[in-house]
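All remarks here apply to the structure that follows.
Any read-out appearing in this document is the output of simple, stated calculations on the displayed coordinates, not a laboratory observation. Just so it is clear, the structure is predicted and the values come from calculations on it, not from any experiment. Quick reminder, even Gly has a Cβ in these numbers, built from the backbone with ideal geometry, and neighbours come from all protein chains shown.
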Amino acid sequence: MTLSLTQPKNLALYHYDSCPFCAKTRRAIDKLGLEIELKNIQTNHQHRIDLQHGGHKTQVPCLRIEQAKGDTQWLYESDDIINFLAKQQNELFNLALTA
């Protein structure tokens with residue numbers, strides 16, 4: 001059994017390039033070795049609309065988390081996003097060790 005620790009399919013980061021908190025979050029994603037879909041709300045108006053509609057505000061960074069049951073969670077604040085991703089990565093790693 002092989003588990004991929006770098007391909008979370010249920011996550012997307014809403015961001016824009018010049019936002020320092022977005023840059024901090026993207027650096028953490030790189031350090032964790034994750035490949036998360038990036039949705040730039042400055043260069044793609046539809047991403048901004050999706051963020052406003054789903055998360056009810058256009059604050060970035062924002063991590064969209066699609067739950068297995070079909071629910072969607074919108075997580076704001078760079079530190080909260082980074083902590084969530086690090087915890088998820090650690091849980092997957094521990095699961096891989098016990099498999």
Completion exercise
trypsin sites (Lys or Arg not before Pro) in segment 20-99 lying in a DSSP loop, each with at most 11 other Cβ atoms within 10 Å of its Cβ, come to 57, 69
Problem - Cα principal axis extents for segment 11-90, largest first, Å - result: 34, 33, 18
Exercise for the section: Starting from the Cα of residue 69, draw a straight line to each of the lysines and keep only those under 25 Å, dropping any in the same chain fewer than 8 residues away. Expected result: 9, 39, 57, 87
